[in-house]
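Notes follow once the structure below has been shown.
Throughout, read-outs are computed from the coordinates displayed, never taken from laboratory work. What you are looking at is a predicted structure, and each value in this text was computed from that prediction instead of being measured. Neighbour counts run over all protein chains shown; Cβ positions are idealised from the backbone, glycine included.
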Amino acid sequence: MNTTASLLSPPSQDAVQTLAQRAGFLMRWDDADGQTHTVSLDVLRALLDAMGLRCGTAAQCRDSLAFLDSPASLSDDVQIVTRVGVPATLPALSLITGRKRLAYRVHLETEGVVDGMTEVDPESGASLLPPIDVPGYHRLELGNKVYSVIVAPPHAHRLPPDAREWGMSVPLYGLRREGDGGLGHFGALADAATAIAEHGAQALAISPAHAMFSARPAQYSPYSPSNRQWYNVAHIDPAMLCGEAEAQEAAHQLRLVPGYAQRERQRLVNWPAASVARLQVLRHLYDRRAHWLSIEQTSALKRFRRGGMDSLEAHARFEMLHQRLHSTHGDDWRRWPAGLRSPWAPQAERMAYEHADDVAFHVFLQWWALEGLQRAHRNARGTGMGIGLIADMAVGVDSTGSEAWADPGHLLQGVSLGAPPDSFNRAGQVWGLTTFSPWAMHQHGYRPFIATLRAALAFAGGVRIDHVLGLSRLWVCPDGAPAASGAYLRYPLDALLAIVALESSRHRALMIGEDLGTVPGDFRARVATQGVLGTDVLWFARSAPSRTQSNKTPPFVDPSQWRADAVATTSTHDLPTAVGWWTGRDIAWRARLAPMSMDARLARRQRREDRTALWRAMSAAGVVNESGHATAPGASAVAEAAFAEATNDVVRSPGRAPTTTPLDAIVSFVAQSPSPLVLLPIADAIGAKEADNLPGTTTEHPNWRRRLSAPVEVLLGTPDVASRIARFARSVRARAAVGRK
């Protein structure tokens, strides 16, 4: 075979696997049962192709590998990431320059310079930058190159060692306030923050506030955003800037008041109707801004637009174009005319000029949205919350959204994020999202990741990182393939954790990682060392059955044995509420939607055994007394009896699980965790039965649509809810007292 023919021949298995490993893919993965799987060559080829690493022929495979190994693959944007007091590995520039020693100069972010020389290994070209003791984003001059150097503190911002605080979590969309038109907004969030703070809470966690699609209101999952660097304008409170009278007058002039009243009576959010109506009001107010916008507000808006730079302009242009093109060219920007597939293409520039007022409107909305979020955070802090709002950062974005349109080179293409089969979902999950390419992140200095973090930190005292395992590895599968036909892609965990620590420290903000599901053995310890809290959820706090245990149902772990470096909570948005779990509401939903995929009778029998296991654990932990009542730390016997009678939290036998949900005992049980922060979902504070989301469904279950039955301040004022929260808070404080002894 001649050389040309050999280069055009298919690559060997070893060549494809070598390229895949060099690109960051793991060749094997373990499922929930501990069985090891090897990723197929077809899957590897599809994934490599999606990253722009061609491997259809032996020549392509060789060239792609050479590109990854070449210093030429590093752009001038490459950032060197290290920690205070730790030497940093420098790019192998000596392979180009041929020098054995290199002079360097570091320009510190604040002021001053650091000069020095670094020794270079003549064979490998490796060299080290001596430790820098000042955290920040610095500039390094090395040879004839200039690099950025990120120097992070030892760990992220932490609560004090003896902290035992509590907070609540709420869904933004489900908040209520009179006149809201059937959809939660930032004004209702500010009210909720004040009300919850008045009960002694130190934090309020919210659902993601990322930018969605103004022209596609039927896409409303907060975890499938258009852009994580900007905000969801559907949650703007129209009255926040212009006042109630002006906002109400706008609704009257647009003849929206009857629809408002109808939707406000409904238990579910009608996203298309409610968000479209709100945007109509916002546009009406924007067009009349000369009547109500102050000089100070106008100046603030101008500063905001200048500060948003290209990212804000690109998002606003996308929103304008999407509104004009979706009915004729569809929602996917990749099918728009070629001249409109980039914010900076000449045709897009021309459209932005011709419709400058529409672009300015979307800039205005982003300013308004951030003002609303920041006001809610100020309300929380001003009423005594030490942490304030906790933002939620989704793991990825919709590949048809503005973030992908504005900068597709930073994102994975042709793949979807998901999760391999596990005990929670035997088929695995395909989320329909994309996210940053690890190779592109390193090549371009982690800028989009930093911007995403800062967007959340702009209005919050903490950030929950959804699927924090994604800082280390993500399950990706080719578009259209099932979840099992995927592979893990490695991410630069140490570098990303360093950036998280630096931004967290600068903003004095708590970092929380959602680390549920299949997690490598050392991952939680590595993340905890960097000051990022994990997440402990009651339903997963189980241990293996003992050998002597007749019933093989996994027992619940006593909360005193839960992690001290994790946030504790009863449940999450993807899991049943306490009442829903106890009554088997999640089982009923799955039996109704997929009757052939499960044995409902077996599931209900198992849930009865699970309830008994939890009841025994709660009895052993002392959160139910000998009479079967839920106990309340610090309360008198008279108060205990009155509380038990008021809440009907009584059973005939303390050794037998009740049929009605022992809600007060459940929340008090979780409160005994040594966690520095215990979060109580508002659904469990009020005893709601239905979950926010049922994974694996879209329209079959009313995901992201459930509204609270009343404003938060009203709900928290009812006797049973107020007593439950007081009991929960006492349990947290009692645990804090134990921890200080």
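Close amide H partners of His210, meaning residues 5 or more places away or on another chain with modelled amide H under 5 Å apart, are Asn232. When the alpha carbon coordinates of the range 3-71 are projected onto the principal axes, the ranges are 46, 28, 18 Å, largest first. One decimal place: the segment Ser709-Asp121 gains 204.9 nm when fully extended, by the rule 0.36 nm per residue minus the C-alpha distance.
A Stokes-Einstein calculation at 20 °C with viscosity 1.002 mPa s, built on the Kirkwood radius of the range 85-152 over Cα pairs, returns a diffusion coefficient of 177 µm²/s. Taking the centroid of alpha carbons for each part, the range 223-270 and the range 359-430 are 20 Å apart.
In this structure the amide hydrogen of Ser169, modeled in the peptide plane, comes within under 5 Å of the amide hydrogens of Ala205, Leu680, Ile682, none closer than 5 places in sequence on its chain.
Scanning the chain for DSSP H helices at least 27 Å long along the axis (C-alpha atoms) with a Kyte-Doolittle mean no lower than -1.0 picks out 295-329, 356-382, 719-740.
Volume per residue of the convex hull around the Cα atoms, evaluated for the range 423-522, comes out as 116 Å³. Placing a label point 7 Å from the Cα of Asp42 along the Cα-to-Cβ direction, no residue of the range 405-437 has a backbone N closer than 15 Å.
By the Cβ distance rule of under 4.7 Å, the chain has these cysteines without a partner: Cys242, Cys477. The alpha carbon centroids of the range 104-133 and the range 545-612 are separated by 54 Å.
Within 10 Å of each residue's Cβ, count the other Cβ atoms and sort His185, His291 from fewest upward.
His291, His185
Whole-Hz Karplus values for the range 147-161 come out as 10, 9, 10, 9, 10, 9, x, x, 7, 5, 4, 10, 6, x, x Hz, taken residue by residue from phi with 6.51 cos²θ - 1.76 cosθ + 1.60 and θ = phi - 60°; glycine and proline positions read x. Each residue of the range 203-383 gets 145 Å³ once the volume of the Cα convex hull is shared out per residue. Going from the residue with the fewest nearby Cβ atoms within 10 Å to the one with the most, Arg216, Arg378 rank Arg378, Arg216. What's the whole-number percent of alpha carbon pairs in the range 561-603 lying beyond 12 angstrom? Roughly 67 percent, rounded to a whole number. Counted residue by residue at 0.36 nm each, then reduced by the alpha carbon distance between them, the extension gain from Gln606 to Thr698 reaches 30.5 nm.
Computed from label points 7 Å out along Cα-Cβ, the spacing between Asn425 and Ser560 is 3.7 nm. Across the range 97-224, Cα-Cα pairs farther apart than 23 Å form 62% of the total. A straight Cα-to-Cα reach below 16 Å connects Lys145 with the aspartates and glutamates Asp76, Asp77, Asp115, residues fewer than 8 places away in its own chain not being considered. Here the residues Val146, Val537, Val170, ranked from fewest to most Cβ neighbours within 10 Å of their Cβ, fall in the order Val146, Val537, Val170. Here the average projected area of the convex hull drawn through the C-alpha atoms of the range 181-257 stands at 6.6 nm². Taking amide hydrogens as placed 1.01 Å from N in the peptide plane, the amide H of Val81 sits under 5 Å from those of Ile150, each at least 5 positions away in sequence or on another chain.
Given the DSSP H assignment, sum -39500 (n - 2.57) over each helix run of at least 4 residues in the chain and divide by its residue total; what's the result at 222 nm in deg cm²/dmol, nearest 500? Helices in the chain give a 222 nm mean residue ellipticity of -12500 deg cm²/dmol. For the chain, the convex hull spanned by the alpha carbon atoms encloses 200 Å³ per residue.
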